[in-house]
1. Looking only at segment 31-59, filter to residues that are surrounded by 15 or more Cβ atoms within 10 Å (Cβ to Cβ) and among the hydroxyl-bearing types (Ser, Thr, Tyr); which one of those is farthest from Ser282 (Cα to Cα)?
2. Exactly one of (1) over 30 Å from Asp273 (Cβ atoms); (2) touching a residue at least 60 places away in the same chain (Cβ under 8 Å) is unmet by Asp128. Its number?
3. Within segment 294-314, can you find the residues that are crowded, with 23+ Cβ neighbours inside 10 Å and touching a strand residue (DSSP E or B) at 6+ places or on another chain (Cβ under 6 Å)?
4. State which residue is nearest to the chain's Cα centre (by Cα) when the search covers only segment 240-249 and only residues that are in contact (Cβ under 8 Å) with a residue 24 or more places away in the chain and surrounded by fewer than 17 Cβ atoms within 10 Å (Cβ to Cβ).
5. On the given criteria, is Ile266 closer than 30 Å to Ile71 by Cβ and β-branched (Val, Ile, Thr)?
6. Identify, from the list Lys224, Lys202, the residue that is exposed (fewer than 13 other Cβ atoms within 10 Å of the Cβ), in the same structural domain as His170 (by TED's automatic domain parsing) and more than 30 Å from Gln134 (Cα to Cα).
7. What about Leu84, is it in contact with a Phe, Trp or Tyr (Cβ under 8 Å, 6 or more places away or on another chain), within 25 Å of Cys136 (Cα to Cα) and buried (at least 17 other Cβ atoms within 10 Å of the Cβ)?
8. Quick one: what pairs do we get from segment 17-35, first residue assigned by TED's automatic domain parsing to the domain that holds His271 and touching a residue at least 24 places away in the same chain (Cβ under 8 Å), second outside any loop (DSSP other than H, G, I, E, B) and aromatic (Phe, Trp, Tyr), C-beta under 8 Å, 6+ apart or different chains?
Amino acid sequence: MNTHTMNMLEFNKITETLSAYALNESTKRKILELMPSGQITIIKNWLRETTEAAAILRKSSSVPIANLNGIDHVMTIPDKGLLLSPEQLQLIYGLAENVERLQRYMKDKEFLAPAVSAYAYSLFELKDLKSEIQRCIRNGRVDDGASKPLEKVRKRMLACEEKIKAKLDHILKSPAYRDMLQEPMISVRDGRYAIPVKSKFKRSMDGQIIDSSSSGSTVFIEPKDVRKLQDELQLLQAEEDIETARVLGRLTGLVAGCKHEISVNIEGMLHYDFIFAKAKYSIALDGREVSLNREKRTIIHEGRHPLLGSHAVPLNFRLGENYGALVITGPNTGGKTVAIKTAGLLTLMVQSGLHIPAGKGSEFGIYSDVLTDIGDHQNIEQSLSTFSAHMTNIISILQKAGPDTLVILDELGAGTDPAEGMGLAVAILEDLFERGASILATTHYSEIKEFAYLTPGFENASMAFDLESLKPLYELKIGEAGESQAFSIAWKLGLEQKLITRAKQITSKEVSEKKESTMFDLLHVEAQTQMIRKRREAEEGRNRKIREAEKKTEEKPEARTFEVGDRVYVSSLKTGGIICSEEDKRGEYEVIVQGEKVKIHKLRLTLHISRTELYPEGYDMDIVFETKENRKKDRLLSKRHVDGMVINRDEE
């Protein structure tokens, strides 16, 4: 999809609103970069995810999505040879904890949301890493119990600190030093304990000055009696730092060893964040999933512009059934532009996997591109008039238009001489139609209404207008050509009748003078369009045969064969499972069902989700079915023989 269309239809405002429902910055960035797809299979999967996630939210709104802000940076630290801090390790722990919560949460959502709940099966629990971080890191620091040496050195530090404080307390309470002290308290300066002494007594106390106040009235003295103890304490602190670094190094190594599993968990958690952001937006929008088709057929029942909310008048719209081009006419401010923008924006939203505010029975054709020319494109810097800017854009549209494109044109041919503008408008519509594009256009030219009426594949539509109140009704009426209502509006507003009568005479005269040439042009157009229609019917016939052949191929029953990693439904057990072995001679597969391997005949299995949807291409399935210990042994034995090493595997 081109960015011009996205901006014209204000799709960026949709993604901005949607991003507010995401928890993680990475998810927000993904949403802001969201682009519609032209692949119907991908769109169906996206819509199914949104539908299932919305169903989950309606049942239970508290989905345990992890806050992963900053974790991308954390995962690069071990690669640089640096140590992870306690805070960063707690972020990894939080991810592992949330994975376990999410898996528990999705356990009973299998039938409500089979696709969305299945993603939890591809996440790794990482219980060993989680428990080790929990044991070693407490309250943002390395815990005393992380290692025996660390526990010992901290006990010695505590005892040393107690001795220092006891000696300093003795000095503070001594009558000999009472008048020398600025205040009776212990201060810590540059990591060493000191006593605040009045500057004039600084030579009266036996000790070393280690700091002074900004005013110079106070000096901080380390008494001689505690200096040796403080030197000992600093040595112990150095030992503590070394042992703390050793613990953090070991934990960093564990994280690095689980980098792949953590990356999968991060990706899976962010995907859940994205899916549930779409679901939250759907519920806020009162949106729903719509049907899709390959025939470029769009039917909108009670569709509302998502940016107008409850103020939007519902739109009923059809395109691609008996006609592939719709020409909308009517007075200014009647809602023509809003109508075509609504149809275009809803199309982009559907092809992005989003629910839309529309009624039941709505369906959308899939387009590879949506091309638009809407609004005033006057460019002062390039000295382009409105008409020139429109024509530059339309030329670009003509170069890109084809059978898989939807073209939306607002006020086609406006901004120049009416006769020339009408001629250009008809020529452009003819060319686009011949290219097979689906067309949605608005215009003021009455001649184009006649062209649409006479030309097969085109249809007129108008925006309803209340002559009594002189207000637009914003209701699209397909099959009816609209009127400008200029005379009626002028009369209602008080223009003299004689002026209106004269205006009608002049208009009638001009119409009669143009009638012959217009009818000649329209007859010529009709002949041309008949030729176009026959050509298009022949092309549609060929396409229909291709679709029927594809449908027969799709409907042909397939042999029940499964791949390792496929998620299947076990009819005899009325539950799901994962294929973990190839088919044996008896036509049976080993299936992991609720944590146990069970042999089940293929006739009792139905494919639920293929492994290609669950796992990336080339994914090592041993990660799913083999223990971490056995995978380490496999890698070691593939390099060399190791005496006494045995790999234990469960055999059914």
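1. Here the answer is Ser37.
2. (1)
3. Thr298, Ile300, Gly303
4. Keep residues of segment 240-249 that are in contact (Cβ under 8 Å) with a residue 24 or more places away in the chain, which gives 240, 243-249.
Right, trim to surrounded by fewer than 17 Cβ atoms within 10 Å (Cβ to Cβ) and you get 245-246, 249.
Values: Ala245: 39, Arg246: 40, Gly249: 36 Å.
Only one residue tops the list, namely Gly249.
5. Spelling it out, Ile266 is indeed closer than 30 Å to Ile71 by Cβ and β-branched (Val, Ile, Thr).
6. Checking each option against the conditions leaves just Lys224.
7. Values: in contact with a Phe, Trp or Tyr (Cβ under 8 Å, 6 or more places away or on another chain): no; within 25 Å of Cys136 (Cα to Cα): yes; buried (at least 17 other Cβ atoms within 10 Å of the Cβ): yes.
It is false that Leu84 is in contact with a Phe, Trp or Tyr (Cβ under 8 Å, 6 or more places away or on another chain), within 25 Å of Cys136 (Cα to Cα) and buried (at least 17 other Cβ atoms within 10 Å of the Cβ).
8. Final answer for the pair search is Thr17/Tyr281; Leu18/Tyr281; Tyr21/Phe276; Tyr21/Tyr281; Ala22/Phe274; Thr27/Phe274; Lys30/Phe274; Ile31/Phe274.
The values are calculated or read from the model by the stated rules, or taken from the named source; none is laboratory data. Being a predicted model, the structure only gives us computed values, none of them experimental. Here Cβ is always computed from backbone atoms with ideal geometry, including for glycine, and neighbour counts include all displayed protein chains.
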